[in-house]
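Undergrad: Provided herewith is a single structure, encoded as structure tokens, for subsequent inquiry.
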Amino acid sequence: MSARQKSGGVESDAERAAYRKDLLSHNAKPLWERTMVMGPGNDAVPAIWHYRDMRPHLMRAAELVTTEEAERRVLMLENPGLPGSTYILASVYSGLQIILPGEIARAHRHSTNAMRFILEGRGAYSSVEGERVMMNPGDFVLTPHWTWHDHGHVGSDPVIWLDALDNPVAKFFGAMFRENYPGETQPVTRAPNEAETRYGNHLLPVDYKSGARSSPLMLYPYERTRQTLFKLARLGPIDPAQGVKLRYANPATGGHPFPTLAVFVQWLPAAFAGRNYRATDGTVMCCVEGRGSIAFADRSFAFEKGDVWCCPPWISYRFTTTEECVVFSYSDRAAQEALGFWREEGTA
Ligand code: GTQ
């Protein structure tokens, strides 16, 4: 008798159980009994790291651990819904790094793409492939795939920045490599701001081929970003969910600065009551200026300067503000667009 004729019967349940057990011994499972939900989103939950809480812990780390010991003195931000992952979202890594005057974070390179967003302090630099770039608050600094990089500090106060890497993506593919540089630091072989001179003024070398997958720029300075943002705030239009939101562009292609990571900055007016919005790219956000809050269905977070929070994929959020705000953010949208997965949805 066929399974169909006996469906629901005791005998068929027993037969099916035996069948399932036998299948398991062959490392196979029936798709029709799958429990995994086919739908957007994952286990990551909305979470916030307030600067007022994290800053003292970074200062304490600076007392407890040297950069010789730590290589990078970083507090990794781990999503409470992804315990043990060391990732802020399933596809993005974030950490807070502190460097003291005179310290060196020695040179290395990795197959993952990295970037920094400077939160506090002046006088730190990042050397990337022989070019040394000074980093100031609000600057966004690139360390693309497989570039040698070391950090140093010639100023007088601690410098703190937010690190972002696409480690989870490389790990997912099993393509994570890293290497130490033979010396502590790499030699400076390029002029100060050489990348900006070559690629940063709406001009490119005539035969420039964008062979690299990342932006040829090392730094997107806040001063310029802020000017553009505030001019556009006056010009409008203002998006009902996102205010004035811009993406950082690779000047050679118009695309995202990295093959995996998209990077954004946005301005929200004072007393903004934003509409709901969700997208498939989990996004990490950081308040650069102002005060506001972000509301999800089941929780909301007040944010101020230096606070970092995450918006997991396909979970709706909306902004409200008390003061006008600047919010920096990054996500895996570049990768999702390249692969055809990315979607967004705005609702009233
Ligand atoms: O500064 O090169 O947070 O390699 C994690 C890995 C920072 C860095 C991190 C890294 C770095």
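The values are calculated or read from the model by the stated rules, or taken from the named source; none is laboratory data. The shown structure was predicted, so the numbers you read here are calculated from the model rather than taken from an experiment. Here the Cβ positions follow ideal geometry from the backbone for every residue, glycine too, while neighbour counts run over all protein chains shown. Heads up: the accessible areas ignore ligands, DNA and RNA and are worked out on the full protein's heavy atoms, side chains in. Shrake-Rupley method; radii C 1.70, N 1.55, O 1.52, S 1.80 Å.
Undergrad: Given (1) open to solvent by less than 90 Å² (accessible area, probe 1.4 Å); (2) at pLDDT 95 or above, where does Leu235 come up short, assuming only one miss?
TA: (1)
Undergrad: Right, Val188: within 16 Å of the ligand (Cβ to nearest atom) and either touching a residue at least 60 places away in the same chain (Cβ under 8 Å) or within 26 Å of the chain's Cα centre (by Cα) (or both) or not?
TA: no
Undergrad: Here's a follow-up. What are the residues in the stretch 247-284 that are under 21 Å from the mean Cα position of the chain (by Cα), under 18 Å from Cys311 (Cα atoms) and either among the basic types (Lys, Arg) or open to solvent by 50 Å² or more (accessible area, probe 1.4 Å) (or both), if any?
TA: Arg247, Arg278
Undergrad: Next question, about the same structure. Under the condition of being in contact (Cβ under 8 Å) with a residue 60 or more places away in the chain and part of a strand (DSSP E or B), which residue from the stretch 295-317 is farthest from Glu344 (Cα to Cα)?
TA: Looking at residues that are in contact (Cβ under 8 Å) with a residue 60 or more places away in the chain and part of a strand (DSSP E or B), I get Glu304.
Undergrad: Here's a follow-up. Identify all residues within the stretch 50-61 that are surrounded by 18 or more Cβ atoms within 10 Å (Cβ to Cβ) and more than 15 Å from the ligand (Cβ to nearest atom); write none if there are none.
TA: Residue satisfying the conditions is Tyr51 alone.
Conditions (1) free of Cβ contacts under 8 Å to residues at least 60 places away in the same chain; (2) buried (at least 18 other Cβ atoms within 10 Å of the Cβ), marked per residue:
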position	(1), (2)
Arg291	yes, no
Phe319	no, yes
Val327	no, yes
Tyr330	no, yes
Gly346	no, no
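Undergrad: Would you check if Arg72 is within 11 Å of the ligand (Cβ to nearest atom), open to solvent by 10 Å² or more (accessible area, probe 1.4 Å) and assigned to a loop (DSSP other than H, G, I, E, B)?
TA: Considered against the rule, which asks whether it is within 11 Å of the ligand (Cβ to nearest atom), open to solvent by 10 Å² or more (accessible area, probe 1.4 Å) and assigned to a loop (DSSP other than H, G, I, E, B), Arg72 comes out as yes.
Undergrad: Scan the stretch 225-254 for residues that are within 17 Å of Val326 (Cβ to Cβ), among the aliphatic types (A, V, I, L, M) and touching a Phe, Trp or Tyr at 6+ places or on another chain (Cβ under 8 Å) and report the count. Before the answer, list the steps.
TA: First, the residues of the stretch 225-254 that are within 17 Å of Val326 (Cβ to Cβ): 225-236, 238-239, 241-248.
Narrowing the set further to residues that are among the aliphatic types (A, V, I, L, M) leaves 229, 232-233, 235, 238, 241, 244, 246.
Cutting the leftovers down to touching a Phe, Trp or Tyr at 6+ places or on another chain (Cβ under 8 Å) gives us 229, 232-233, 241, 244, 246.
Residues in the stretch 225-254 being within 17 Å of Val326 (Cβ to Cβ), among the aliphatic types (A, V, I, L, M) and touching a Phe, Trp or Tyr at 6+ places or on another chain (Cβ under 8 Å): 6 in total.
Undergrad: Can you pull out every residue in the stretch 88-105 that is within 8 Å of the ligand (Cβ to nearest atom) and more than 20 Å from the chain's Cα centre (by Cα)?
TA: Residue satisfying the conditions is Ala105 alone.
Undergrad: Let me ask something else about it. Which of the strands (runs of 3 or more DSSP E) found entirely inside the stretch 103-199 contain at least 1 residues meeting this: crowded, with 21+ Cβ neighbours inside 10 Å?
TA: 104-110, 114-120, 124-128, 131-135, 140-143, 149-153, 159-165
Undergrad: Report yes if Val65 is β-branched (Val, Ile, Thr), in contact with a Lys or Arg (Cβ under 7 Å, 6 or more places away or on another chain), within 15 Å of the ligand (Cβ to nearest atom) and more than 18 Å from Phe303 (Cα to Cα), otherwise no.
TA: Working: β-branched (Val, Ile, Thr): yes; in contact with a Lys or Arg (Cβ under 7 Å, 6 or more places away or on another chain): yes; within 15 Å of the ligand (Cβ to nearest atom): yes; more than 18 Å from Phe303 (Cα to Cα): yes.
For Val65, the condition - β-branched (Val, Ile, Thr), in contact with a Lys or Arg (Cβ under 7 Å, 6 or more places away or on another chain), within 15 Å of the ligand (Cβ to nearest atom) and more than 18 Å from Phe303 (Cα to Cα) - is met.
Undergrad: Based on this model, can you work out whether Ala28 counts as free of Cβ contacts under 8 Å to residues at least 24 places away in the same chain, hydrophobic (A, V, I, L, M, F, W, C), surrounded by fewer than 13 Cβ atoms within 10 Å (Cβ to Cβ) and in a loop (DSSP other than H, G, I, E, B)?
TA: So Ala28 passes the test.
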